[in-house]
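The next block holds one structure in the form of structure tokens; read it before the comments.
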Amino acid sequence: MEEKKQRPHLLAVPFPALGNINPMLQLCKTLVSNGFFITFLISNKRETFLATEQQATGQHLRFVYLPDAFIPEAFSVTTVPLQFVAILEKNLKLAVPEIIRDIMTDDSLPRVSCILTDLAITSLQDVAHQFGICKVSLSTFSASWLSIENGLLVLEENGLLPLKGTSRIIDFVPGLPPISGLDFPSHLQEVHAVDPDFSLRYTRNQIIRSDALVFINSFYELETSQLDQLARDTPQFVPIGPLLPSFAFDGQVGVDEHEQERCGFWTEDMSCLDWLDQQPFKSVIYVSFGSLASASPDQIKQLYTGLVQSDYPFLWVIRPDNDELRKLFDDPSYDKCKFVSWAPQLKVLKHRSVGAFLTHCGWNSVLETIVAGVPVLGWPFLFDQPLNCALAVEHWKIGSRLPPGPDATLVEKAVKDMMGEAGQMWRDNVTKLAISARDAVSDGGLSHRNLEAFKCKMEIVS
């Protein structure tokens, strides 16, 4: 009991999407192993999975479950994100003070010393001030995405907001390498009725700058110029990534064999690992488009036909909510493929038989494939995915990209190039980045040092 009460107590408030929850949960597990006590706010929808997480991490990570009604159902995070965030923040601003008061009156728990929020949640600064505690945030997007957010005024001054799908190469955003306007985040492409002059985004960016620290799920060797520029503009922006389970780094940071890979809507189908065991070395294309991205049946047919024509085995994740797409594969005629509803992605990417990743290029997936040393075949949809894909293909040179509406012939050629001699450069480059990622989170690495510095600060104020 006394040991628990002496730990710095961090209240973690993630954004309620899988791509945001998982890196924050991984950060919290890392902090627990470094002497923190964590209270993690989460929807009841995750209760079954997180009960297992609590067993694995012990008594120093507790979950407070918010009612499902707390998460706005009237708006979709993919189609009307600003309304979604506004309702979520209003609810949090009412609920979090009560949660903190409950903790403060519980003699078995340490006093809350810090609030950690997702970068998308800016409404809790006042709550932190009310209780005299610090607030930090976590960006689950890249440093490049943050560079663009910080460069909104520069884009406006050049008459480029909204971008409206311009193909112009934009090379004047501080810290950001030259990127086509087509690949900038989707929320900057069109005028939004809720924020027609982007003033809400300007305001939110200014609020974020007042956080004690902004953790970035990236590492210095991957986004050097971006992180250097962010540090010059706002010194409290620091990289602490990649935020992944320890087994992702080949045991370099301590392996926990009971470690859960990620929080998810769906149960991971572990049979895919047995199937991978039967495939030749580096021969399999792993296909997954994350928890939100969706493709049309015609697009899926073209991808499937191209993969079959390439004659390489492939493992494809077709989510349980994609019933129409699943019907396309009820009786596949090609015997070198396997379909699953959900997969243990890191374990798949690190498997000896996987040679490429056909992905939507969500930031978590990009980091995972880099750490696993697997090149990417990018097919981005929305949000930051086109930006991540452009970085991977044009700047890090760890893969290639399919056009928005690929036909089977293009898919076949792209796969053969990726898996053949033409793909050797991509394999070499991603292997080098995998080593840099491992070094970043190991003793002496910058990401590791930044978390150590945070730990020291919290021990002083607790």
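Structure notes:
- Within region 289-323, tally of residues that are under 19 Å from Leu382 (Cα atoms) and at pLDDT 95 or above: 0
- Residue check, Asn158 touching a helix residue (DSSP H, G or I) at 6+ places or on another chain (Cβ under 7 Å) and not basic (Lys, Arg): no
- Filter pass, Leu230 being assigned by TED's automatic domain parsing to the domain that holds His448, in a helix (DSSP H, G or I), buried (at least 19 other Cβ atoms within 10 Å of the Cβ) and not basic (Lys, Arg): yes
- Given (1) in a loop (DSSP other than H, G, I, E, B); (2) more than 25 Å from Trp275 (Cα to Cα); (3) not polar (S, T, N, Q), index of the condition Leu410 fails: (1)
- Residue match in region 73-84 (condition: at pLDDT 75 or above and either in the same structural domain as Ser447 (by TED's automatic domain parsing) or in a loop (DSSP other than H, G, I, E, B) (or both)): yes
- Flag if Asp126 is modelled with pLDDT of 80 or more, assigned to a helix (DSSP H, G or I) and either among the acidic types (Asp, Glu) or outside the structural domain of Pro23 (by TED's automatic domain parsing) (or both): yes
- For first residues located in region 387-412 and farther than 30 Å from Thr224 by Cα and touching a residue at least 40 places away in the same chain (Cβ under 8 Å), partners that are buried (at least 19 other Cβ atoms within 10 Å of the Cβ) and aromatic (Phe, Trp, Tyr) and lie 6+ apart or on another chain with Cβ distances below 8 Å form the pairs Pro406/Trp379.
- Pair list, Cβ under 6 Å, 6 or more apart: region 333-355 residue in contact (Cβ under 8 Å) with a residue 12 or more places away in the chain and under 13 Å from Arg319 (Cβ atoms), other residue of a type in the set (Val, Ile, Thr) and in a loop (DSSP other than H, G, I, E, B): Phe339/Ile318
- Region 157-209: number of residues that are touching a residue at least 24 places away in the same chain (Cβ under 8 Å) and not in a loop (DSSP other than H, G, I, E, B): 16
- Meets criteria (farther than 30 Å from Met24 by Cβ, under 24 Å from the mean Cα position of the chain (by Cα) and exposed (fewer than 14 other Cβ atoms within 10 Å of the Cβ)) for Pro196: no
- Some residue of region 35-44 being part of a helix (DSSP H, G or I), farther than 24 Å from Gly362 by Cβ and modelled with pLDDT of 55 or more: yes
- Contact annotation: residue pairs with Cβ atoms under 6 Å, 6 or more positions apart or on different chains, pairing a residue in region 439-461 that is part of a loop (DSSP other than H, G, I, E, B) with a partner that is at pLDDT 95 or above, are Gly445/Asp439.
- The one condition in (1) surrounded by 19 or more Cβ atoms within 10 Å (Cβ to Cβ); (2) out of contact with any strand residue (DSSP E or B) (no Cβ under 8 Å at 6 or more places or on another chain) that Leu410 fails to fulfil: (1)
- Filter pass, Cys361 being on the phi > 0 side of the Ramachandran plot, touching a Cys at 6+ places or on another chain (Cβ under 9 Å), buried (at least 23 other Cβ atoms within 10 Å of the Cβ) and not basic (Lys, Arg): yes
The values are calculated or read from the model by the stated rules, or taken from the named source; none is laboratory data. Every value quoted in this text rests on a predicted model; they were computed, and no experiment measured them. All Cβ positions, glycine included, derive from the backbone under ideal geometry; neighbour counts span all protein chains shown.
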